[in-house]
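I have placed the structure first, in the form of structure tokens, so that the comments after it can refer back to it.
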Amino acid sequence: MKLFLGIDIGATWTRLALHDGSSIVRKVVFRTPRETDSYCISNAIISAIRSELRDYVDSIAAVGIGSIGPLDLRRGIIVGAPNIPAKRVELARPLLEELRKPVYLANDCVAAVWGEKSFGAGKGCENIVYVTISTGIGGGMIINGALLLGKMGNGHEIGHTVVDVDRRLRCNCGGYGHWEAYCSGANIPRFASYLIERVPSIHEYRSSKLYALWEEGKLRSEDVYRLAREGDPLARLVVSEITKLNIAGFENVVNLYDPEVITVGGSVALNNVDLVIEPVKQAIESGRGIVTEPPRLVPTPLGGDAVLLGAVAIAMDPPPQLVKLLEYLSSL
Ligand SMILES: [Zn+2]
């Protein structure tokens, strides 16, 4: 039996899936080590393989990795990721040396869009965009059948496109007005604070639960959506401001890439399909603000496994555009 190992490396969780071509055979999940050592993540993956997947190692034909970035695909490493302590993380080489099988590294959203084509809503399509709204905002694109990557594999950072021309908030990357700085899980509380501090008639919202949480300094992104759903007027106001910027972000995506289908993943979007995805879907399908035929816009059918199954898909069917960039493979 031929097996494929998919690895999803996130800022919080690392997940491994052994796949036999039709379904996941084994899954291993552990916390991503938060140390400054360049090998801490690859060592943790190798020890998980040795202890949990020992019996399957000989059957593994190839490994695919979907990782947080930024990446240097040529060398197979993560470089200067804002969400983990290690400045440089060696990923591909240690796994190549351990398993002696091809190891294909890609950005997490790039992996997810490839998975969408193999297993998800992009089956049979040549033009697919995957957008994640999670801790951050990111995207992966397949256009005319080709995976888009950029010179080091960091292309298509759509979370860092400008959606607020007034540039009210500064993004973690240093830029102003970026989509991620307003609408991602990590930044929604900050945008909510900005809005609450500037509501002219804020005294009218004194009974708002959102206002109370904000005053206590305990506001989280999930509260904003939960309270909006419960009818809290201040939460609804914040959600409507977030929605405007989400629509701007998706309009940019449609006008830039002209996709047949956009699939949306990430916990913020998938936990709030009614308040995050539905309004964007309606706006895009209306055709206003876009210069092409509207694409289908759907929550990813792969759910929380979008990146993991994407990593599996990359191992099963490595995209030629990606393989060309992975110079480290020549050391196999
Ligand atoms: Zn940015």
- Item | Subset of K87/K151; K117/K324; K101/K324; K87/K117 violating a 22 Å alpha-carbon distance limit | K87/K117
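For the chain, what proportion of DSSP beta bridges, expressed in % and rounded to the nearest 5, is antiparallel?
Values: 28 of 49 bridges.
DSSP beta bridges in the chain are roughly 55 percent antiparallel.
Given the peptides 62-75, 91-104, arrange them by the average over their residues of other C-beta atoms within 10 Å, most packed first.
Working: 62-75: 23.7, 91-104: 19.2.
Answer by packing, highest mean first, reads 62-75, 91-104.
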- Item | Zero-based 10 Å bins, Cα pair distances in the range 38-128, whole percents | 16, 41, 32, 11, 0
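Per the Cauchy relation, a quarter of the hull surface: what is the mean projected area of the convex hull of the alpha carbons in the chain, in nm²?
Details: hull surface 68.6 nm².
Convex hull of Cα atoms, orientation-averaged projection: 17.1 nm².
Compute the length gained on full extension between R296 and Q321: take 0.36 nm times their separation in residues and subtract their Cα-Cα distance, giving the result in nm to one decimal.
Details: separation 25, 0.36 × 25 = 9.00 nm, distance 2.54 nm.
So the extension gain works out to 6.5 nm.
What is the packing order of peptides 282-289, 184-191, taking the mean over residues of other C-beta atoms within 10 Å and listing the highest first?
Working: 282-289: 14.0, 184-191: 20.9.
Most protected by this proxy first, the peptides run 184-191, 282-289.
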- Mean Kyte-Doolittle of at least -0.5 and a Cα length of 27 Å or more along the axis: which whole DSSP H helices of the chain meet both? 233-257
- Message: 7 Å from Cα along Cα→Cβ at both S201 and R26: what's the point-to-point distance in nm?
- Response: 6.3
- Message: Please compute the volume of the convex hull spanned by the alpha-carbon atoms of the range 111-224 and report it per residue in Å³.
- Response: 136
- Could you sort M1, M141, M316 by accessible area so the largest value comes first, with the probe set to 1.4 Å? M1, M316, M141
- Please calculate how many Å² of accessible area the range 1-92 carries per residue, with a 1.4 Å probe and no DNA, RNA or ligand atoms counted. 44
- For A11, placing the label point 7 angstrom along Cα-to-beta-carbon and taking the range 153-179, residues whose amide nitrogen sits under 14 Å are 159-160, 171-174
- With the contact rule set at Cα under 8 Å and sequence spacing of 6 or more, what percent relative contact order holds for the range 202-263? 25
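Would you work out the relative contact order for the chain, in percent, from Cα pairs under 8 angstrom that are 6 or more residues apart?
Working: 701 pairs, mean separation 72.4, N = 332.
RCO, the chain: 22 percent.
Tell me, what does the Kirkwood hydrodynamic radius of the range 125-301 come to in angstroms if you use every pair of distinct C-alpha atoms?
On the way: mean 1/r = 0.0599 Å⁻¹.
Its Kirkwood hydrodynamic radius stands at 16.7 Å.
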- So who's got an amide H within less than 5 Å of the one on V25, skipping anything under 5 residues away but keeping other chains? H placed 1.01 Å off N, in plane. L18, H19, D20
- Query: How would you rank 152-158, 37-43, 202-208, highest first, on the average number of other Cβ atoms within 10 Å across their residues?
  - Reply: 152-158, 37-43, 202-208
- Note on the structure: FRET efficiency for N144 and E230 from the Cβ-Cβ distance with R0 = 41 Å, rounded to 0.05, comes out at 0.35
- Query: Between the range 55-87 and the range 121-188, what's the alpha-carbon centroid distance in Å?
  - Reply: 20
- Note on the structure: Mean 1/r over distinct Cα pairs of the range 202-332, inverted to a Kirkwood Rh in Å, yields 17.5
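The values are calculated or read from the model by the stated rules, or taken from the named source; none is laboratory data. Quantities reported herein were computed from a predicted structural model and do not represent experimental measurements. Reconstructed Cβ throughout: ideal geometry from the backbone, glycine too, with neighbour counts over all protein chains shown. The area values use the complete protein model at the heavy-atom level, side chains included, leaving out ligands, DNA and RNA. Shrake-Rupley method; radii C 1.70, N 1.55, O 1.52, S 1.80 Å.
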